[in-house]
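K.L.:
Pasting in a structure now, in structure tokens, and then I'll have a few things to ask.
Values quoted throughout were computed directly from the atomic coordinates according to the rules given, and no laboratory measurement underlies them. Owing to the predicted nature of the structure, the values given are computational and were not obtained by experimental measurement. Glycine also receives a Cβ, built like all others from the backbone with ideal geometry; neighbour counts cover every protein chain displayed.
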Amino acid sequence: MQQALSLSVQTKMKFVPWQYISDWKCNSCGSCCRLYSVVIDFPEWLQIVKHYGVGKTIGGLDRLYINRGSDGSCPFIYRFTDSCLCGLQNMKPVACKQWPFKVLSEPKYGDANHAFYNYGGTELFVYADTMCSGLRYGSPGWEFSNVTVREFVELTIGKRRIQQKTTRRLNPY
């Protein structure tokens, strides 16, 4: 169910249940684009190759990835003043859309009671990667619980393709 971002550096990933988070907003720090290798599926690979060439991707033994730049970062990350922007915004891989959340069918990272998320009668378990600096810890607010987490779930299960709450909005003012 969950597409993966695999860690490209020797860092121990730690996940917390979504109910420990009061809110999340992307702050465009670019850590996700520098720390993780992005696993892509075949249709995503085809889109990237069609627009940017095969050199922007790499094959593993059983997976396809976005090829890392010489500095280890995603080649589609662009610096804009004090922010990092995704050059694949219109064809962003599902794994990137889901980060920093993992939506699973079983409680892989513990504390099932706080990771539990009921989506239309389907029991899911939602965790957040603590490497993300956009997480705000505390009791979840209504909008986070009912809009943001729901959008991450819908992106994961394939019910939604377009991001609204789960991506950085640029506002020049």
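K.L.:
What ranking, highest mean first, results for peptides 80-91, 144-155 when packing means the other Cβ atoms within 10 Å averaged over each residue? Display every interim value, and only then the final one.
P.N.:
Values: 80-91: 13.7, 144-155: 19.2.
Averaged packing, sorted descending, gives the order 144-155, 80-91.
K.L.:
Determine, at each q value in 0.12, 0.13, 0.16, 0.20 (inverse angstroms), the log₁₀ of I(q)/I(0) that the Debye formula gives when each Cα of the stretch 12-157 is one equal point scatterer.
P.N.:
-0.54, -0.63, -0.92, -1.26
K.L.:
Now a separate question. Counting each DSSP H run of 4 or more residues in the chain as -39500 (n - 2.57), what helix-only mean residue ellipticity at 222 nm follows after dividing by all residues, to the nearest 500 deg cm²/dmol?
P.N.:
Numbers: 5 runs with 34 residues, N = 173.
Value at 222 nm, helices only, nearest 500: -5000 deg cm²/dmol.
K.L.:
Spit out the partnerless Cys residues in the chain, using Cβ distances under 4.7 Å as the pairing rule.
P.N.:
By the Cβ distance rule, which asks for a partner under 4.7 Å, the isolated cysteines are 26, 29, 32, 84, 86, 96, 132.
K.L.:
What FRET efficiency do you get for residue 119 and residue 81 if R0 is 41 Å and r is their Cβ-Cβ distance, rounded to the nearest 0.05?
P.N.:
The formula returns an efficiency of 0.65 here.
K.L.:
Tell me, what ³J(HN,Hα) does each residue in the stretch 58-73 have, in order and in whole Hz, if you take phi through Karplus 6.51 cos²θ - 1.76 cosθ + 1.60 with θ = phi - 60° and put x for Gly and Pro?
P.N.:
Couplings: 8, x, x, 4, 9, 9, 10, 9, 6, 5, 7, x, 4, 8, x, 8 Hz.
K.L.:
Using the beta-carbon distance between residue 14 and residue 165 and R0 = 30 Å, what value does 1/(1 + (r/R0)^6) give for FRET efficiency, to the nearest 0.05?
P.N.:
Working: r = 24 Å, r/R0 = 0.79.
Rounded to the nearest 0.05, the efficiency is 0.80.
K.L.:
Using only alpha carbon pairs under 8 Å that are at least six residues apart, calculate the relative contact order of the chain and give it in whole percent.
P.N.:
Values: 284 pairs, mean separation 57.5, N = 173.
Averaging sequence separation for qualifying contacts and normalising by length gives 33 percent for the chain.
K.L.:
Also: Would you list, by chain and number, the lysines whose Cα falls below 16 Å from the Cα of residue 108, excluding same-chain residues fewer than 8 positions away?
P.N.:
The qualifying lysines are 12, 14.
K.L.:
Assigning unit charges at the beta carbon (Lys, Arg +1; Asp, Glu -1) and nothing else, what dipole magnitude in debye, to the nearest 20, does the chain show about its Cα centre? Numbers along the way, then the final one.
P.N.:
Values: 21 positive and 13 negative charges, 83 e Å.
For the chain, the charge dipole is close to 400 debye.
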